[in-house]
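The values are calculated or read from the model by the stated rules, or taken from the named source; none is laboratory data. Fair warning: this is a prediction, and the values are worked out from it, not measured in the lab. Heads up, the Cβs are rebuilt from the backbone with ideal geometry, glycines too, and the neighbour counts pull from every protein chain shown. Just so you know, the surface numbers come from the protein's heavy atoms only, side chains and all, with ligands and any DNA or RNA stripped out. Shrake-Rupley method; radii C 1.70, N 1.55, O 1.52, S 1.80 Å.
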Amino acid sequence: MYPPSNTPAPQGCEVCGAQPAAAATVRAHQGMVVIMRTVTRRGVYCRTCGLAVYRKMTSDTLVTGWWGMLSLFITPFVVLGNVLGARAAFRRLPEPYGAWRPPLDPGRRVLRRAPAMLVLTPFVLLAAAIPTLILIGLIAGPGDDGRRVGLSVGDCVRNAADWPEQSLLKVDCGSTGAEYRVADEASCGPEDYILHAEYQVNSPGRPGYCVTPL
Ligand SMILES: [Zn+2]
(Lines give C-alpha, C1' and ligand atoms only; values in the text may rest on other atoms or scores of the structure.)
Protein backbone atom coordinates (compact mmCIF):
# COMPACT_ATOMS: atom_id res chain seq x y z
CA MET A 1 0.00 0.00 0.00
CA TYR A 2 1.16 3.47 -0.83
CA PRO A 3 0.63 6.34 1.55
CA PRO A 4 -2.34 8.57 0.71
CA SER A 5 -1.99 11.26 -1.95
CA ASN A 6 0.11 14.29 -1.20
CA THR A 7 2.14 12.62 1.51
CA PRO A 8 5.84 12.95 0.69
CA ALA A 9 7.18 9.50 -0.15
CA PRO A 10 10.53 8.84 1.48
CA GLN A 11 11.70 6.48 -1.23
CA GLY A 12 11.64 9.09 -3.97
CA CYS A 13 10.31 8.99 -7.51
CA GLU A 14 9.90 5.45 -8.76
CA VAL A 15 11.00 6.48 -12.24
CA CYS A 16 14.00 8.73 -11.70
CA GLY A 17 14.65 8.44 -7.98
CA ALA A 18 14.37 12.18 -7.35
CA GLN A 19 13.01 13.82 -4.21
CA PRO A 20 10.47 14.94 -3.27
CA ALA A 21 7.86 12.59 -4.63
CA ALA A 22 4.20 12.00 -3.98
CA ALA A 23 1.96 8.98 -4.32
CA ALA A 24 -0.98 9.44 -6.63
CA THR A 25 -3.31 7.53 -8.93
CA VAL A 26 -3.71 8.39 -12.59
CA ARG A 27 -6.36 6.80 -14.79
CA ALA A 28 -6.91 6.42 -18.48
CA HIS A 29 -10.19 5.33 -19.97
CA GLN A 30 -10.77 3.51 -23.24
CA GLY A 31 -14.20 3.06 -24.72
CA MET A 32 -14.50 0.36 -27.35
CA VAL A 33 -18.15 0.64 -28.41
CA VAL A 34 -19.38 -2.30 -26.33
CA ILE A 35 -16.51 -3.10 -24.03
CA MET A 36 -14.36 -0.60 -22.23
CA ARG A 37 -11.54 -0.50 -19.78
CA THR A 38 -9.94 1.87 -17.36
CA VAL A 39 -6.20 1.68 -16.86
CA THR A 40 -5.18 2.65 -13.37
CA ARG A 41 -1.60 3.60 -12.64
CA ARG A 42 -0.72 3.99 -8.99
CA GLY A 43 2.74 5.22 -8.23
CA VAL A 44 5.15 7.48 -6.42
CA TYR A 45 6.44 10.19 -8.71
CA CYS A 46 8.37 13.42 -8.58
CA ARG A 47 6.77 16.52 -10.06
CA THR A 48 8.36 16.01 -13.48
CA CYS A 49 7.56 12.32 -13.89
CA GLY A 50 4.13 12.67 -12.27
CA LEU A 51 3.05 15.41 -14.63
CA ALA A 52 4.39 13.34 -17.54
CA VAL A 53 2.25 10.36 -16.52
CA TYR A 54 -0.78 12.55 -15.85
CA ARG A 55 -0.49 14.36 -19.18
CA LYS A 56 0.02 11.21 -21.23
CA MET A 57 -2.86 9.28 -19.68
CA THR A 58 -5.26 12.20 -19.67
CA SER A 59 -4.48 13.10 -23.24
CA ASP A 60 -4.89 9.46 -24.30
CA THR A 61 -8.25 9.39 -22.53
CA LEU A 62 -9.39 12.41 -24.53
CA VAL A 63 -8.76 10.37 -27.69
CA THR A 64 -9.91 6.90 -26.68
CA GLY A 65 -12.42 7.75 -23.97
CA TRP A 66 -15.48 8.64 -26.01
CA TRP A 67 -16.18 5.53 -28.03
CA GLY A 68 -19.10 4.00 -26.18
CA MET A 69 -22.36 5.03 -24.56
CA LEU A 70 -21.17 4.45 -21.01
CA SER A 71 -17.71 5.74 -21.82
CA LEU A 72 -19.21 9.09 -22.79
CA PHE A 73 -20.26 9.50 -19.18
CA ILE A 74 -17.23 7.91 -17.58
CA THR A 75 -14.57 9.85 -19.46
CA PRO A 76 -15.36 13.30 -18.01
CA PHE A 77 -15.08 11.86 -14.50
CA VAL A 78 -11.80 10.12 -15.28
CA VAL A 79 -10.36 13.35 -16.69
CA LEU A 80 -11.70 15.39 -13.79
CA GLY A 81 -10.33 12.87 -11.30
CA ASN A 82 -6.88 13.13 -12.87
CA VAL A 83 -6.97 16.91 -12.85
CA LEU A 84 -8.19 17.29 -9.28
CA GLY A 85 -6.26 14.36 -7.89
CA ALA A 86 -2.94 13.48 -9.47
CA ARG A 87 -2.27 16.74 -11.27
CA ALA A 88 -2.97 18.79 -8.19
CA ALA A 89 -0.74 16.54 -6.06
CA PHE A 90 2.19 16.70 -8.46
CA ARG A 91 1.92 20.43 -9.02
CA ARG A 92 2.18 21.01 -5.30
CA LEU A 93 5.61 19.37 -5.29
CA PRO A 94 8.69 21.55 -5.61
CA GLU A 95 11.19 20.98 -8.41
CA PRO A 96 12.80 17.56 -7.99
CA TYR A 97 16.44 17.02 -7.14
CA GLY A 98 18.74 14.04 -6.80
CA ALA A 99 17.53 12.05 -9.78
CA TRP A 100 19.80 9.14 -10.57
CA ARG A 101 17.86 7.91 -13.60
CA PRO A 102 16.50 10.04 -16.45
CA PRO A 103 13.08 11.47 -15.61
CA LEU A 104 10.09 11.19 -17.95
CA ASP A 105 9.54 13.99 -20.43
CA PRO A 106 6.50 15.96 -19.24
CA GLY A 107 6.00 17.43 -22.73
CA ARG A 108 3.28 19.90 -23.42
CA ARG A 109 0.36 20.64 -21.16
CA VAL A 110 -2.78 18.60 -21.86
CA LEU A 111 -4.62 21.64 -23.18
CA ARG A 112 -1.83 22.30 -25.64
CA ARG A 113 -2.05 18.85 -27.17
CA ALA A 114 -4.10 17.94 -30.20
CA PRO A 115 -6.68 15.71 -28.40
CA ALA A 116 -7.73 18.44 -25.98
CA MET A 117 -7.95 20.94 -28.79
CA LEU A 118 -10.13 18.57 -30.83
CA VAL A 119 -12.42 17.89 -27.90
CA LEU A 120 -12.66 21.52 -26.85
CA THR A 121 -13.14 23.01 -30.31
CA PRO A 122 -16.90 22.33 -30.48
CA PHE A 123 -17.38 23.89 -27.05
CA VAL A 124 -15.34 26.93 -28.00
CA LEU A 125 -17.30 27.31 -31.22
CA LEU A 126 -20.57 26.95 -29.34
CA ALA A 127 -19.48 29.48 -26.74
CA ALA A 128 -18.60 31.89 -29.51
CA ALA A 129 -21.71 31.16 -31.56
CA ILE A 130 -24.28 31.95 -28.88
CA PRO A 131 -23.30 35.60 -28.33
CA THR A 132 -22.89 35.97 -32.08
CA LEU A 133 -26.41 34.72 -32.70
CA ILE A 134 -27.77 36.99 -29.97
CA LEU A 135 -25.96 39.90 -31.56
CA ILE A 136 -27.35 39.06 -35.00
CA GLY A 137 -30.80 38.79 -33.45
CA LEU A 138 -30.44 42.19 -31.84
CA ILE A 139 -29.29 43.77 -35.05
CA ALA A 140 -31.73 42.07 -37.40
CA GLY A 141 -34.57 41.37 -35.01
CA PRO A 142 -36.88 44.27 -34.23
CA GLY A 143 -35.96 46.27 -37.34
CA ASP A 144 -39.03 46.86 -39.42
CA ASP A 145 -41.42 45.31 -36.93
CA GLY A 146 -41.53 48.54 -35.01
CA ARG A 147 -43.03 50.26 -37.98
CA ARG A 148 -45.33 47.46 -39.01
CA VAL A 149 -47.90 47.69 -36.29
CA GLY A 150 -50.25 50.40 -35.31
CA LEU A 151 -51.30 52.06 -38.55
CA SER A 152 -53.73 54.98 -38.49
CA VAL A 153 -55.98 56.48 -41.11
CA GLY A 154 -53.93 58.56 -43.51
CA ASP A 155 -50.70 56.63 -43.01
CA CYS A 156 -48.90 55.54 -46.12
CA VAL A 157 -47.46 52.07 -46.45
CA ARG A 158 -45.47 49.82 -48.69
CA ASN A 159 -46.13 46.10 -48.84
CA ALA A 160 -42.90 44.13 -48.63
CA ALA A 161 -44.81 40.93 -49.44
CA ASP A 162 -47.12 39.95 -52.31
CA TRP A 163 -50.81 40.44 -51.76
CA PRO A 164 -52.82 38.99 -50.12
CA GLU A 165 -49.82 38.54 -47.81
CA GLN A 166 -49.24 41.64 -45.75
CA SER A 167 -45.86 42.81 -44.59
CA LEU A 168 -46.62 46.48 -44.38
CA LEU A 169 -44.04 49.13 -43.70
CA LYS A 170 -45.08 52.59 -42.74
CA VAL A 171 -43.40 55.08 -45.03
CA ASP A 172 -43.56 58.81 -45.61
CA CYS A 173 -46.50 59.66 -47.89
CA GLY A 174 -44.27 61.88 -50.00
CA SER A 175 -41.64 59.21 -50.53
CA THR A 176 -41.36 57.12 -53.67
CA GLY A 177 -41.86 53.98 -51.56
CA ALA A 178 -45.43 54.93 -50.65
CA GLU A 179 -47.84 52.55 -52.40
CA TYR A 180 -51.04 52.62 -50.35
CA ARG A 181 -52.83 54.90 -47.97
CA VAL A 182 -54.71 53.64 -44.93
CA ALA A 183 -58.39 54.46 -45.11
CA ASP A 184 -61.31 54.21 -42.75
CA GLU A 185 -63.90 51.51 -43.23
CA ALA A 186 -66.41 54.01 -44.57
CA SER A 187 -64.16 54.96 -47.47
CA CYS A 188 -62.90 51.49 -48.32
CA GLY A 189 -63.64 50.45 -51.88
CA PRO A 190 -64.18 46.93 -53.24
CA GLU A 191 -60.65 46.87 -54.69
CA ASP A 192 -58.99 47.83 -51.41
CA TYR A 193 -57.26 45.42 -49.10
CA ILE A 194 -58.55 44.97 -45.59
CA LEU A 195 -55.71 45.35 -43.07
CA HIS A 196 -54.74 42.34 -40.99
CA ALA A 197 -55.61 42.67 -37.34
CA GLU A 198 -51.97 43.23 -36.30
CA TYR A 199 -52.01 46.58 -38.13
CA GLN A 200 -55.23 47.73 -36.51
CA VAL A 201 -54.05 48.06 -32.92
CA ASN A 202 -54.65 51.81 -33.09
CA SER A 203 -58.35 51.26 -33.65
CA PRO A 204 -59.60 48.66 -31.22
CA GLY A 205 -63.30 48.11 -31.73
CA ARG A 206 -63.16 49.67 -35.15
CA PRO A 207 -62.48 46.85 -37.56
CA GLY A 208 -62.22 47.50 -41.21
CA TYR A 209 -59.21 49.69 -41.87
CA CYS A 210 -58.11 49.13 -45.43
CA VAL A 211 -55.43 50.40 -47.77
CA THR A 212 -56.17 52.17 -51.02
CA PRO A 213 -53.63 52.24 -53.82
CA LEU A 214 -52.12 55.68 -54.22
ZN1 LIG B 1 10.85 11.42 -11.41
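Out of the residues in the range 62-110 that are among the polar types (S, T, N, Q) and touching a Phe, Trp or Tyr at 6+ places or on another chain (Cβ under 9 Å), which is farthest from Gly50 (Cα to Cα)?
Selected residue: Thr75.
Can you tell me which residue within the range 1-24, out of those that are more than 14 Å from Phe90 (Cα to Cα), of a type outside the set (S, T, N, Q) and more than 9 Å from the ligand (Cβ to nearest atom), is modelled with the highest pLDDT?
Once the filter is applied, the top-ranked residue is Pro10.
Between Val26, Val78, Val63, Val34, which is among the aliphatic types (A, V, I, L, M), over 25 Å from Gln11 (Cα atoms) and in contact with a Lys or Arg (Cβ under 6 Å, 6 or more places away or on another chain)? Full working, then the answer.
On the way: Val26 fails: over 25 Å from Gln11 (Cα atoms); Val63 fails: in contact with a Lys or Arg (Cβ under 6 Å, 6 or more places away or on another chain); Val34 fails: in contact with a Lys or Arg (Cβ under 6 Å, 6 or more places away or on another chain).
None of the others qualify; the one that does is Val78.
Conditions: (1) open to solvent by 60 Å² or more (accessible area, probe 1.4 Å); (2) at pLDDT 80 or above; (3) in a loop (DSSP other than H, G, I, E, B). Asn202 meets all but one. Number of the miss?
For Asn202, the failing item is (2).
If Leu138 meets every condition in (1) assigned to a helix (DSSP H, G or I); (2) in contact with a strand residue (DSSP E or B) (Cβ under 7 Å, 6 or more places away or on another chain) apart from one, which number is that one?
It fails just one condition, (2).
Listed residues Leu151, Leu118, Leu133, Leu168; which is away from the ligand (no atom under 16 Å from the Cβ) and closer than 20 Å to Met57 by Cα?
Working: Leu151 fails: closer than 20 Å to Met57 by Cα; Leu133 fails: closer than 20 Å to Met57 by Cα; Leu168 fails: closer than 20 Å to Met57 by Cα.
One residue alone meets the criteria, Leu118.
So which residues in the range 48-69 are within 16 Å of the ligand (Cβ to nearest atom) and open to solvent by less than 60 Å² (accessible area, probe 1.4 Å)? Break it down into steps so the answer makes sense when it comes.
Initially, the range 48-69 is screened for residues within 16 Å of the ligand (Cβ to nearest atom), giving 48-57.
Thr48, Cys49, Gly50, Leu51, Ala52, Val53, Tyr54, Arg55, Met57 - these are the residues of the range 48-69 that are within 16 Å of the ligand (Cβ to nearest atom) and open to solvent by less than 60 Å² (accessible area, probe 1.4 Å).
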